[in-house]
Amino acid sequence: MALDSPKKKVQGGRVRGVTGVASPALENTPVIECAGAVIWRIQDAELQVLLIHRPRYDDWSWPKGKVDPGETLAAAAVREVKEETGKFVALGIALPGLQYITPEGALKRVHYWSARVIKKNDASVIARAPVSDVDETEVDASKWFSAKEAARKLSRAADKTPLAALVKAHNQGMLDTHVLAIARHGKALARSQWNGGESNRPLTPVGTAQAVALVPVLAAFGISNIVTSEWKRCSDTIRPYEEAAGVLSAESDLFTEASHERDPKAVAAAVTKLVHSDAPSVLCTHRPVLPTLFKTMGKSTPDETVRKAYPKADPYLAPGEILIAHIKLDDEGNDPHIVGLETIRPTLH
């Protein structure tokens with residue numbers, strides 16, 4: 001049963017829309033959070049998606065599964081895809097999620113992204129934790145279908161909701177995207193507690209944990225290019241991903257607080273260059289720099305609804321939080337449009 005309008009839910013730092021059963025009477029109902037993906041490709045000029053068959057239920061559905069304790073939804077989605085299809089994927093734009101009551105009386109929420117298969121030697125795959133092989137007692141087949149065939153093949157009518165959104169995005173030319181992630185550095189030692197220079201002020205133990213927690217999130221979105229303020233609290237925030245992925249970061253003076261104060265136009269020009277790049281990237285910087293970044297990125301965000309999703313109030317992002325921008329380039333690799341935004345605050349274990 002569909003809702004009259006999508007509900008918003010914050011989980012693992014992420015605001016998502018889900019459709020399905022919703023009632024004030026369910027406030028105390030146990031909640032099961034799940035995540036998955038609609039994997040797509042273009043084959044012979046045709047949009048195709050990957051379905052899985054589960055012998056236990058004898059059904060065809062999307063790869064998905066329960067979120068582990070301390071795991072973000074995005075990390076759970078790519079892990080479940082690997083466990084159920086054997087494929088490594090990078091997440092794209094978010095798709096409508098679903099929620100329904102299980103036979104046991106729990107409220108199950110399933111969060112979906114679009115996703116594309118990537119190579120096992122991709123930097124983002126190297127950064128991920130190992131995942132077990134497909135258990136054939138759980139999933140005994142995965143098969144590509146055209147979008148129309150998949151709509152007929154899906155066993156649950158509700159599973160057509162994310163498929164319809166995927167097809168619509170494809171028809172509007174907004175499906176083939178890549179990511180620019182804007183990360184605020186992890187929690188740093190207070191200025192009043194630090195006797196050294198501002199450029200060397202370090203992360204706290206919490207900030208170090210936030211840096212480690214960023215790794216599976218950045219990996220889930222296929223990040224292969226790292227840019228960071230050269231100040232220590234930023235470079236240390238991004239270092240765990242740099243080391244896990246085997247990618248050298250580009251440390252820049254441009255994205256420091258001091259440089260931004262001197263010449264915000266240079267910062268705007270630098271982030272514009274990142275928006276025009278076709279490499280899935282992360283930029284780690286400081287709170288005072290964020291409004292300039294978001295204002296600049298807003299110029300490449302034609303849809304007003306998406307543009308309104310940029311954080312507008314100080315502190316814009318919490319320490320260790322990231323904004324994921326999904327960027328669509330034209331056929332010549334130019335004219336970037338930011339077609340989707342999501343904010344993620346990784347959960348600390």
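Things worth noting here:
- Note on the range 198-349: antiparallel DSSP beta bridges, both residues inside, total approximately 50 percent of the bridges counted.
- When each of LYS64/LYS187; LYS120/LYS273; LYS64/LYS153 is checked by Cα-Cα distance, pairs over 23 Å: LYS64/LYS187; LYS120/LYS273
- Here is the list for the range 32-72: trypsin sites (Lys or Arg not before Pro) lying in DSSP coil, each with at most 15 other C-beta atoms within 10 angstrom of its C-beta, are ARG56.
- Per principal axis, descending, Cα span of the range 87-218 in whole Å: 66, 40, 29
- The chain: translational diffusion in µm²/s, Stokes-Einstein, Kirkwood Rh over Cα pairs, 25 °C, 0.890 mPa s: 117
- Excluding exposed DSSP-loop GluC sites (Glu not before Pro) (at most 10 other C-beta within 10 Å), longest clean stretch of the chain: 137-331
- Relative frequency of Cα-Cα separations exceeding 22 Å in the range 7-171, percent: 41
- Here r is the Cβ-Cβ distance between GLU230 and ARG152 and R0 is 56 Å; the resulting FRET efficiency, rounded to 0.05, is 0.55.
- The range 178-344: relative contact order in percent, alpha carbon pairs under 8 Å with at least 6 residues between: 30
A short reminder: the numbers here are calculations on the coordinates, not readings from a lab. The shown structure was predicted, so the numbers you read here are calculated from the model rather than taken from an experiment. We place every Cβ from the backbone using ideal geometry, glycine too, and count neighbours over all the protein chains shown.
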